[in-house]
Amino acid sequence: MSHLSRRDLFRASGAGLLALTAGGTLAACGGGSGPGGGSGGDADSGTITVWSWATAAAALRGVVPAFEKDNPGIKVDVQDIGEPAIWDKITVGMAAGGQGLGDVLHIGCDYLPGYLEKFPGGLANLSEFGADAHRDAFAKGLWPVVTGKDGHAYALPWEVNPLGFFYRKDYFDKAGIDPETLATWDDLIAAADRFKAANPGVALIGLNKAANPSPDLDFLQSLMQLQGAFYFDLQGKITLGSAEDVRALTTVKHLEDAGLIADAPGDQGWGSLMKAGKVAVAPMPAWAAHYLEKKFADQSGNWRLAKPPAVTPGGKRTALVNSTHLAVAASSPRRRAAWKFVEYALTRTASVNSMFTAGGVFPALTAAYTDPMYTEPSAFYGGQPVLKTFTELAIDGGGSTNYSGDYARALKLVSDAQTKVFLKGGDPAAVLQDAAKQLAQQTGRSIA
C-alpha cells in the first residue's frame, strides 16, 4: 500500500535517492575539523534554518516560540521545502560539499543511511554535542538507525511508526472469528474459507499486484520486519535470500492462493477498495490511525486495532516499519545552535506532543506516552483507545532496519520478485535469491 504513505516518503522513487544509488560515488563533503567534520562552525547563536515539509514543517513552527524564549540569541526559520523536492535539495547540497543546505534537516529512514554512506562528513556528529545521553529515550530499535559505522549519532529520532493490524470488526463478527486470537498469519489463512463464506466479495487486504505505476511493498516489508529482517543487515550485506525474507514472501503467496488479496491497481486502487468496503484488514502503521478516521468517516464504529499477527508461531508481533529524524548539516556555521533546537524539539515531551497534535507525527520519544491523549477512546474505533496500543507497540520496539544507500535498487528488484509471484506463479525462494544476486552485481555488496 505504498501509494498511501503519509508523505509517500518511504518510497525511494524520488530523484534524490536515485541520484545517490544510480550514479555511484558522488562528491563527498569536505573533511574539516571539529564536531561532525565538514566546513561548518559551532556558533551557538544567530538564525538557523530548518528544512521540512507540509504538516511536519507546520508542527515544527509551533515549537519555535517556546524555544526562542528559552534560548535567547537563537532565531529559527522553519522552511517547508516540499516533498519530494527536499530530497533533491539535500542531495545537491551534499554533493556540493554542504553548500546551500539548511542547518537542521528533516530526513526519512530510507534516506539517512544513503546520506551517511555516500557523503561521509555531510552530517554533523551529534554525539560530540551530547546526543548519546538520549540513547534510551526513544522506541527500541531506532538508535542504530541514526548511528553511523563509527558508532556516533548523526540524527535524533522524531517520528516512529509501529505496525498495526486494523480490521473490520463487523466482517470478522459475521464469520465468527476473533482477530485478537489470531497469533500468526497462518492462523488467518486457515480461517480463509470461513471468512469468505460470511463476507462474499470482501478481501482481507488489497495490493497493487502489477506494481503499476509504483512498487507496493509496504506489506511484504512489514512481514520481513516482524522477523527482524529486511533487504540488508546492519552491516549492509544483502539478505534478500534469507529464510526470513523468503518466509515473508511465502506468506504473501499463501494469502493470494487462499483468495484473500484483492488487486488494487493504480494510485487509487486501495482507496477505492476501502471506500467500497471491499477490504477487511489494513496492516498499516501508526500514522494511519487518524488517516482512516478522516478518509473513511462513514465506516465509523466498524474498525478496531490489534497487534499484528506474527509470521512464525511464537514470533514477534511488533515492528517499527519506518521513522523520520532531525539531523544537523556538518556545513552549518551554527551547528551548536542547530543541535540545541533538535534536542529541544525531540527530547521534551511538551514539544513532541504539541507536534503530534499539530501534525500527526507519532513521537519516537517514549516518555511522551504518559500524556492522557494516548488513552482517549476513539468513536471511529468503537471506543477503543487505539493510540494506547501504538504506544505499547513502540515501547516494545522492533528490529533496526537498514535501508542502506541502495534501497532504491533493492526496492525495484523486490517489487519485480513479488510481481512474478502474483502474476506468474513464481517461487518465493527462487525469485528472491535471483533478486539478491542481481542486487549484489549492481551494488558490489556481498550476500550475507
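Observations
- Taking first residues from the range 52-79 that are farther than 20 Å from His290 by Cβ and partners that are surrounded by fewer than 22 Cβ atoms within 10 Å (Cβ to Cβ) and of a type in the set (Asp, Glu), the Cβ contacts under 9 Å between residues at least 6 apart in sequence or on separate chains come to Val64/Asp77; Asn71/Asp44; Gly73/Asp44; Ile74/Asp44; Ile74/Glu68; Lys75/Glu68; Val76/Glu68.
Each row is one residue, and each column tells you yes or no for (1) closer than 30 Å to Phe195 by Cα; (2) among the aromatic types (Phe, Trp, Tyr).
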residue: Phe129; (1), (2): no, yes
residue: Ala137; (1), (2): no, no
residue: Gly141; (1), (2): no, no
residue: Lys149; (1), (2): no, no
residue: Glu159; (1), (2): no, no
residue: Leu163; (1), (2): yes, no
residue: Phe166; (1), (2): yes, yes
residue: Phe172; (1), (2): yes, yes
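- Test for Ala327: is it in contact (Cβ under 8 Å) with a residue 12 or more places away in the chain, assigned by TED's automatic domain parsing to the domain that holds Leu123 and part of a helix (DSSP H, G or I): no
- Residue in the range 153-163 that is in the same structural domain as Ser52 (by TED's automatic domain parsing) and surrounded by fewer than 24 Cβ atoms within 10 Å (Cβ to Cβ) present: no
- Any hit, the range 369-383, residues being modelled with pLDDT of 95 or more and under 20 Å from the mean Cα position of the chain (by Cα): yes
- Leu101 being of a type outside the set (Phe, Trp, Tyr), modelled with pLDDT of 95 or more, surrounded by 23 or more Cβ atoms within 10 Å (Cβ to Cβ) and out of contact with any Gly (no Cβ under 6 Å at 6 or more places or on another chain): no
- Residue in the range 56-76 that is assigned to a loop (DSSP other than H, G, I, E, B), closer than 30 Å to Gln221 by Cβ and under 24 Å from the mean Cα position of the chain (by Cα) present: no
- Restricting Ile81, Ile48, Ile74 to residues that are under 30 Å from Asn212 (Cα atoms) and at pLDDT 95 or above narrows the list to Ile81.
- Qualifying positions in the range 163-204 - within 26 Å of the chain's Cα centre (by Cα) and either aliphatic (A, V, I, L, M) or at positive phi (or both): Leu163, Leu182, Ala183, Leu188, Ala203, Leu204
- Gln225 satisfies every condition listed in (1) within 30 Å of Leu432 (Cα to Cα); (2) of a type outside the set (A, V, I, L, M); (3) surrounded by fewer than 24 Cβ atoms within 10 Å (Cβ to Cβ) except (3).
- Look at (1) closer than 17 Å to Ile395 by Cα; (2) aliphatic (A, V, I, L, M); (3) outside the structural domain of Phe356 (by TED's automatic domain parsing) and you find that Val145 fails only one, number (3).
- A single member of Ala229, Ala190 is within 24 Å of Asp396 (Cα to Cα) and of a type in the set (A, V, I, L, M, F, W, C), and it is Ala229.
- Scanning the range 145-172 for residues that are in contact with a Leu (Cβ under 6 Å, 6 or more places away or on another chain) and over 20 Å from Val352 (Cβ atoms) yields a total of 2.
- For the range 142-184, a residue qualifies if it is assigned to a loop (DSSP other than H, G, I, E, B) and in contact (Cβ under 8 Å) with a residue 40 or more places away in the chain, and the qualifying residues are Leu142, Tyr154, Ala155, Leu182, Ala183.
- Restricting the range 381-397 to residues that are surrounded by 20 or more Cβ atoms within 10 Å (Cβ to Cβ) and touching a helix residue (DSSP H, G or I) at 6+ places or on another chain (Cβ under 6 Å), the residue that is farthest from Thr324 (Cα to Cα): Val386
- The residues listed here are Ala297, Ala327, Ala338; of these, the one that is more than 23 Å from the chain's Cα centre (by Cα) and buried (at least 24 other Cβ atoms within 10 Å of the Cβ) is Ala338.
- Hey, Asp218 touching a Ser or Thr at 6+ places or on another chain (Cβ under 9 Å), surrounded by 19 or more Cβ atoms within 10 Å (Cβ to Cβ) and of a type outside the set (Gly, Ala, Ser) or not: yes
- One residue from Ala435, Ala430 being outside the structural domain of Thr349 (by TED's automatic domain parsing) and in contact with a Leu (Cβ under 7 Å, 6 or more places away or on another chain): Ala435
- Looking only at residues of the range 63-98 that are charged (D, E, K, R) and in contact with a strand residue (DSSP E or B) (Cβ under 6 Å, 6 or more places away or on another chain), we find that the one that is surrounded by the most Cβ atoms within 10 Å (Cβ to Cβ) is Lys75.
- Of the residues making up the range 112-131, those that are under 18 Å from Thr347 (Cβ atoms) and in a loop (DSSP other than H, G, I, E, B) are Ala124, Asn125, Gly130.
- Any helices (runs of 4 or more DSSP H) falling wholly within the range 228-320 and containing at least 3 residues that are closer than 23 Å to Leu423 by Cα: 243-257, 269-275
The values are calculated or read from the model by the stated rules, or taken from the named source; none is laboratory data. Values in this document were obtained by computation on a predicted structure and should not be read as measured data. Note that each Cβ is placed from the backbone with ideal geometry, even for glycine, and that neighbours are counted across all protein chains shown.
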